[in-house]
Each structure stands twice: as C-alpha cells, then as structure tokens.
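See below for the structure under consideration.
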Amino acid sequence: MAMAALRREGRRFAPMISSRPITALRSSPLAPSLEDECPLGVRYISTQVVRNRMKSVKNIQKITKAMKMVAASKLRAIQTKAENSRGLWQPFTALLGDLPSANVKKNVVVTISSDKGLCGGINSTSVKISKGLHKLNSGPEKETKYVILGEKAKAQLVRDSKKDIELIITELQKNPLNYTQVSVLADEILKNVEYDALRIVFNKFHSVVSFVPTVSTVLSPEIVEREAESGGKLGDLDSYEVEGGETKGEILQNLAEFQFSCVMFNAVLENACSEQGARMSAMDSSSRNAGDMLDRLTLTYNRTRQASITTELIEIISGASALEG
Amino acid sequence: MLRRASMLLACRPILAARARPFSTDLPAAPSADATFTEAWTKVIPNMDPPKTPLSFMQPRPPTPSSIPSKLTVNFVLPYASELATKEVDMVIVPATTGQMGVLPGHVATIAELKPGVLSVHEGSEMTKYFISSGFVFIHANSFADIIAVEAVPLDRLDVNLVQKGLAEFTSKLSSATTDLEKAEAQIGIDVHSALNSALTG
C-alpha cells in the first residue's frame with residue numbers, strides 16, 4: 001500500500017515536472033547533479049535548484065525595478081525640455097506648411113533612435129516607418145538615402161540597406177542634449193548629404209504610455225520655390241516680402257537650414273522622452289513578470305519540500321511497520 | 001433600425017479617430033495631409049501612416065478683412081517659449097537691414113535677424129531682450145513669429161564682460177590667419193559690439 005502511495009505521488013509530480021521552470025532546469029548543466037540526487041523510481045527535484053532559481057529571479061526583479069526608477073527620473077528631467085521646445089517648429093510649419101507628399105528626386109530619411117536597448121518597440125517602429133518611406137519614395141530617377149542617429153537603428157538598417165546609408169551618428173546622449181550640439185549635427189548632415197527633401201522620423205512623446213511615430217519634412221529651398229510657383233499649399237509664399245540679404249534665395253537657404261536644426265532639436269528631445277517612457281513601461285512589465293515567476297517558483301518549492309518530507313515519513317513509517325511484523 | 005446601427009458604426013470610428021489632445025501641447029487640429037496618407041496606405045497597407053506636424057498644430061486664423069488692433073506675437077527659443085500668442089501693440093526687431101518696427105497689419109515678411117535688441121511694446125510697458133540672431137515671420141493675419149537661438153533680458157548683461165569680449169575678439173581678428181578664424185572673430189566682434197550698443201544706447 002505504501003508502494004502504491006509512492007507510485008501515486010510520483011504520478012502527481014509528473015505534470016509538475018513538465019511545467020516550464022523545471023524543464024528549463026533540466027536542460028541546464030545542473031541536470032547531472034539532479035541525476036545524482038534522485039534515486040531511481042523517485043522523481044522530485046532538489047530544493048536547492050529551485051532556491052537558486054528563486055534567488056536569481058528576485059535579483060532580476062530588483063534590477064528591473066531600479067531601472068524603471070532611473071528611467072522615470074531621467075524622463076522627468078528631459079520632459080520639461082521637450083515641452084519647452086515644442087514651440088520651436090510651429091512657426092516654420094505655419095509659414096511653410098507641411099508637405100510630406102512632395103514629389104522629389106533626392107530624399108533623405110533621418111532616423112532617430114536610441115543607443116541603449118531594453119526600451120520596448122520604439123526603435124523597431126522607427127525603422128519600419130523609415131523603410132516604409134523608402135518604399136513610398138522609390139521610383140524611376142528617385143533615390144532615398146538614410147542618415148542614422150543611434151545604435152539601435154544602425155543595427156537594424158545595416159543588415160539590408162547598407163548601401164543606402166550616408167551617415168551614422170551615435171552616442172548622442174553622452175552629454176545632456178542642447179541646441180548647440182544638435183545644430184552642429186545638423187550642419188554636418190547638411191554639408192555631407194545632397195538633399196531635396198529631408199524626412200525626419202522620430203517618436204513623438206504623447207504621454208508616458210503612448211508614443212506616436214511622426215515624420216517631419218524639411219524641403220530644400222529649390223523645392224520650396226517650385227512648390228510655391230505651382231500654387232497649392234505654399235502658393236502664398238510669394239506674397240511674403242523678404243528683407244535683408246542679397247537675394248531671396250540666400251534667405252531661403254538660411255531658412256531651410258535653420259528649420260532643419262530646429263526640427264531636429266525638437267525631434268531628438270521627443271525621441272529621448274519616448275525612449276525613457278518606453279523603458280519605464282518595459283521594465284515595469286518585466287518586474288511584474290518576475291514577480292509572477294517568483295510566485296510560481298515559491299509554490300513549486302513548497303510542494304517539493306513537503307513532498308520530500310512526506311517521502312521521508314513514509315520510509316520511516318513503512319520501515320517501522322515492517323519491523324513490527 | 002439598420003440606419004441607426006450604421007449611424008452608430010459610423011460614429012464610433014470617428015470618436016476613436018479624434019485623438020485626445022496632448023496634455024501639454026497645443027490642441028491638435030484633426031487635419032492631416034490626405035495625399036500622404038493615401039499614398040502610404042497604397043504602398044504599405046499593414047502599418048498605420050506616421051503622423052505629420054500638421055496634425056499637432058493649431059491652425060492659424062485667416063487674414064481678417066480689416067486691420068486688427070493688436071499684433072499677436074510668438075517669441076520662441078529652443079529652451080522655452082518666451083511669449084506665446086501674446087497680444088501686443090508693437091515689436092521692434094533687429095533685422096539685418098536695421099531695426100524694423102512691426103505693427104498690426106504689417107505686410108507679410110520673412111526677415112533674418114542679426115544680434116541686437118528686441119523690444120516688445122504693450123500699452124505703456126516695454127520689455128527689451130538681447131537676441132542672438134534668428135528669423136522673424138510676419139504673416140498677413142497680424143501674427144508675428146520670432147524665432148531666436150538665445151535671448152536674455154538686458155539687465156542680465158554685464159558691461160565689463162562685454163568690453164573684455166570685444167577686446168578679445170578684436171585681437172583675435174588681427175591675429176587670425178585662416179578664413180575660418182577670421183569669420184569666427186568677425187562674428188564675435190559683431191555680437192559684442194551689438195551688445196555694447198544695446199547696453200549704452
């Protein structure tokens with residue numbers, strides 16, 4: 001009867017053993033020690049193994065909680081800056097309108113992404129949108145080039161669009177973001193890349209849980225002139241008198257460059273905010289997952305412990321009853 | 001009954017599409033570039049098209065038939081919006097062609113600014129800022145957008161540092177060899193002499 005009870009116990013353990021944490025353990029190099037500890041016929045895993053796993057999961061939970069706090073504080077710092085910079089691009093859009101569907105020969109897609117990972121899906125979204133823009137603007141005589149800011153987009157785009165990449169810029173956030181740094185960057189891009197239209201892809205910061213992929217278009221002065229002449233949205237640009245400078249073209253050139261640096265500044269700040277917000281929510285769900293895993297492992301641990309106690313008792317009692325006769 | 005059902009179905013997507021405005025941004029205008037969204041959905045049907053700045057901006061009022069009494073000024077810097085849709089009587093901006101006064105009803109203009117003093121006149125009070133170049137757009141509907149890189153109120157400027165800077169850049173110009181150094185020194189001189197005249201004049 002004791003053997004039947006033992007067999008029943010063994011069968012009850014079987015579904016437990018097939019659950020996830022324990023099979024993972026089986027596949028780990030701890031498997032040989034499992035074999036040593038379990039005599040044939042009795043299948044239970046050592047409590048030590050479960051305890052080790054619980055310790056590591058608890059540590060991971062602490063780390064992800066700390067990362068969430070760090071991201072929250074960084075977000076607070078950069079959010080005020082991003083909100084203050086929102087007024088910067090509005091005058092340009094009010095004057096020059098927004099023409100993402102302008103048909104131009106040389107498109108340049110500026111993809112803004114983060115350097116560090118563990119921030120959810122925002123970098124993949126930016127890369128997908130950039131590739132979408134590339135596809136949208138492909139055709140005879142049209143070409144699209146990439147300028148990449150940030151390691152994560154570089155890793156994704158280098159794989160299949162290596163020949164289309166013009167510039168890669170990383171380590172943007174080593175020093176706190178400021179306008180001087182971004183304007184130097186914009187200058188570099190404008191000097192080295194020929195463009196008719198610059199399309200800046202970034203994640204606009206709505207709120208801590210929502211980031212909207214956005215594309216801002218900056219047109220070169222020649223295209224602006226062309227669109228103004230053909231009427232439509234920029235039709236009344238000609239009605240503006242242009243003061244100063246030798247020619248209207250010179251002023252429009254300065255205007256386009258200034259617009260690019262202002263829009264870049266806002267885009268970089270918004271993307272940084274989105275990165276921190278996404279990291280906060282990613283780390284939050286990760287700590288919650290770790291908590292769930294810890295609960296499950298605790299149950300397993302208790303069950304294992306109780307089962308081994310029961311087994312010992314059974315052995316003792318059956319040994320005693322065998323002696324009695 | 002079918003008509004009611006179809007009305008309900010039509011209402012719900014519209015409610016969902018009218019996105020909640022940003023908590024901190026200007027209220028969003030629901031307009032978006034239709035040609036762009038169409039072209040996008042044709043080529044990439046699986047993904048939502050990205051938003052464009054037009055959907056985040058409040059539309060400007062059209063040109064009124066009579067000249068309004070006040071000028072609406074937006075004065076923005078990379079780090080802050082100094083003045084946001086403030087109604088004033090007049091602003092004087094330091095354009096590259098000289099000090100330019102802007103009154104309501106000014107003709108639409110795009111002007112580049114040089115380092116100098118910007119003064120905002122509201123009733124009897126006048127606020128002066130020293131700005132380090134930028135642009136000013138004056139629209140036909142009496143909206144003026146002033147975009148500058150740096151702006152400081154005049155009382156934050158130190159006379160001695162200005163004089164020292166001016167002397168330093170003048171000496172740099174005389175000892176400059178390459179065109180780049182000469183240009184940099186010249187810019188320094190321009191800014192400091194403008195600062196000087198702002199403080200004295």
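The values are calculated or read from the model by the stated rules, or taken from the named source; none is laboratory data. Note that the coordinates shown come from a computational prediction; the quantities given were computed from them, not determined experimentally. Don't worry about glycine lacking a Cβ; one is built from the backbone with ideal geometry, like all the others, and counts go over all protein chains shown.
Which condition number in (1) at pLDDT below 85; (2) under 24 Å from residue B:87 (Cα atoms); (3) not hydroxyl-bearing (Ser, Thr, Tyr) is the one that residue B:176 fails?
Residue B:176 satisfies all of (1) at pLDDT below 85; (2) under 24 Å from residue B:87 (Cα atoms); (3) not hydroxyl-bearing (Ser, Thr, Tyr) except (2).
If the requirement is being more than 18 Å from residue A:263 (Cβ to Cβ) and either in contact with an Asp or Glu (Cβ under 9 Å, 6 or more places away or on another chain) or hydrophobic (A, V, I, L, M, F, W, C) (or both), which of these qualifies: A:160, A:164?
A:164
Kindly indicate whether residue B:101 is more than 14 Å from every other protein chain (Cβ to nearest Cβ), loosely packed, with under 13 Cβ neighbours inside 10 Å and under 30 Å from residue B:66 (Cα atoms). Write out each step before concluding.
On the way: more than 14 Å from every other protein chain (Cβ to nearest Cβ): no; loosely packed, with under 13 Cβ neighbours inside 10 Å: yes; under 30 Å from residue B:66 (Cα atoms): yes.
Judged against the criteria, residue B:101 is not a match.
If you take the residues in segment B:104-125 that are among the charged types (D, E, K, R) and away from chain A (no Cβ under 14 Å), which one is surrounded by the most Cβ atoms within 10 Å (Cβ to Cβ)?
The qualifying residue surrounded by the most Cβ atoms within 10 Å (Cβ to Cβ) is B:122.
Only one of these is touching a residue at least 12 places away in the same chain (Cβ under 8 Å) and in contact with a Phe, Trp or Tyr (Cβ under 8 Å, 6 or more places away or on another chain): A:165, A:169. Name it.
Result: A:165 is the single residue among A:165, A:169 that is touching a residue at least 12 places away in the same chain (Cβ under 8 Å) and in contact with a Phe, Trp or Tyr (Cβ under 8 Å, 6 or more places away or on another chain).
Checking the conditions here, which among A:216, A:210, A:183 is touching a strand residue (DSSP E or B) at 6+ places or on another chain (Cβ under 9 Å), within 10 Å of chain B (Cβ to nearest Cβ), of a type in the set (Gly, Ala, Ser) and closer than 30 Å to residue A:75 by Cα?
Working: A:210 fails: touching a strand residue (DSSP E or B) at 6+ places or on another chain (Cβ under 9 Å); A:183 fails: touching a strand residue (DSSP E or B) at 6+ places or on another chain (Cβ under 9 Å).
Going through A:216, A:210, A:183 in turn, just one is touching a strand residue (DSSP E or B) at 6+ places or on another chain (Cβ under 9 Å), within 10 Å of chain B (Cβ to nearest Cβ), of a type in the set (Gly, Ala, Ser) and closer than 30 Å to residue A:75 by Cα: A:216.
Restricted to segment A:85-115, and to residues that are more than 7 Å from chain B (Cβ to nearest Cβ), in a loop (DSSP other than H, G, I, E, B) and touching a residue at least 40 places away in the same chain (Cβ under 8 Å), which residue is surrounded by the fewest Cβ atoms within 10 Å (Cβ to Cβ)?
Step by step, filter segment A:85-115, then rank; the result is A:105.
Can you work out which of the residues in segment A:116-130 that are among the β-branched types (Val, Ile, Thr) and either more than 26 Å from residue A:277 (Cα to Cα) or in contact (Cβ under 8 Å) with a residue 60 or more places away in the chain (or both) is nearest to the other protein chains (Cβ to nearest Cβ)?
Among them, the one singled out is A:129.
Checking residue A:254 against (1) within 24 Å of residue A:152 (Cβ to Cβ); (2) of a type in the set (S, T, N, Q); (3) within 9 Å of chain B (Cβ to nearest Cβ), which test does it fail?
With (1) within 24 Å of residue A:152 (Cβ to Cβ); (2) of a type in the set (S, T, N, Q); (3) within 9 Å of chain B (Cβ to nearest Cβ) applied to residue A:254, the lone miss is (1).
Give the number of residues within segment B:74-89 that are in a loop (DSSP other than H, G, I, E, B) and either more than 8 Å from chain A (Cβ to nearest Cβ) or loosely packed, with under 14 Cβ neighbours inside 10 Å (or both).
Summing the residues that are in a loop (DSSP other than H, G, I, E, B) and either more than 8 Å from chain A (Cβ to nearest Cβ) or loosely packed, with under 14 Cβ neighbours inside 10 Å (or both) in segment B:74-89 gives 1.
Could you tell me whether residue A:198 is out of contact with any Gly (no Cβ under 9 Å at 6 or more places or on another chain), part of a strand (DSSP E or B) and either over 28 Å from residue B:48 (Cβ atoms) or more than 10 Å from every other protein chain (Cβ to nearest Cβ) (or both)? Write out each step before concluding.
Numbers: out of contact with any Gly (no Cβ under 9 Å at 6 or more places or on another chain): yes; part of a strand (DSSP E or B): yes; either over 28 Å from residue B:48 (Cβ atoms) or more than 10 Å from every other protein chain (Cβ to nearest Cβ) (or both): yes.
Against the criterion (out of contact with any Gly (no Cβ under 9 Å at 6 or more places or on another chain), part of a strand (DSSP E or B) and either over 28 Å from residue B:48 (Cβ atoms) or more than 10 Å from every other protein chain (Cβ to nearest Cβ) (or both)), residue A:198 qualifies.
Assess whether residue A:174 counts as being part of a loop (DSSP other than H, G, I, E, B) and within 30 Å of residue A:281 (Cα to Cα).
On the way: part of a loop (DSSP other than H, G, I, E, B): yes; within 30 Å of residue A:281 (Cα to Cα): yes.
Here the answer is yes, as residue A:174 does meet what is asked.
Hey, could you check segment B:151-166 for residues that are in contact with a strand residue (DSSP E or B) (Cβ under 7 Å, 6 or more places away or on another chain) and outside any helix (DSSP H, G or I) and say which is farthest from residue B:190 (Cα to Cα)?
Once the filter is applied, the top-ranked residue is B:153.
Considering B:66, B:6, B:23, which residue is at pLDDT below 80 and either in a loop (DSSP other than H, G, I, E, B) or among the acidic types (Asp, Glu) (or both)?
Only one candidate passes the filter, namely B:23.
Please determine, by comparing only the residues of segment A:131-152 that are touching a residue at least 40 places away in the same chain (Cβ under 8 Å) and either aliphatic (A, V, I, L, M) or in a helix (DSSP H, G or I) (or both), which one is nearest to the other protein chains (Cβ to nearest Cβ).
By that ranking, first place goes to A:133.
Any residue that is within 23 Å of the chain's Cα centre (by Cα), surrounded by fewer than 18 Cβ atoms within 10 Å (Cβ to Cβ) and either of a type in the set (Ser, Thr, Tyr) or not in a strand (DSSP E or B) (or both) - is there at least one of those in segment B:172-187?
yes
Can you confirm whether residue B:133 is of a type in the set (Ser, Thr, Tyr), crowded, with 16+ Cβ neighbours inside 10 Å and touching a residue at least 24 places away in the same chain (Cβ under 8 Å)?
Numbers: of a type in the set (Ser, Thr, Tyr): yes; crowded, with 16+ Cβ neighbours inside 10 Å: yes; touching a residue at least 24 places away in the same chain (Cβ under 8 Å): no.
Spelling it out, it is not the case that residue B:133 is of a type in the set (Ser, Thr, Tyr), crowded, with 16+ Cβ neighbours inside 10 Å and touching a residue at least 24 places away in the same chain (Cβ under 8 Å).
Please work out if residue B:92 is touching a His at 6+ places or on another chain (Cβ under 8 Å) and modelled with pLDDT of 90 or more.
yes
Considering only segment A:311-321, I want to know if a residue exists there that is β-branched (Val, Ile, Thr), at pLDDT below 95, in contact with a Phe, Trp or Tyr (Cβ under 9 Å, 6 or more places away or on another chain) and buried (at least 17 other Cβ atoms within 10 Å of the Cβ).
no
Here's the yes/no breakdown for (1) in the same structural domain as residue B:126 (by the TED database); (2) at pLDDT below 80; (3) assigned to a strand (DSSP E or B); (4) of a type in the set (A, V, I, L, M, F, W, C):
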residue: B:28; (1), (2), (3), (4): no, yes, no, yes
residue: B:37; (1), (2), (3), (4): no, no, no, no
residue: B:54; (1), (2), (3), (4): no, no, no, yes
residue: B:72; (1), (2), (3), (4): yes, no, yes, no
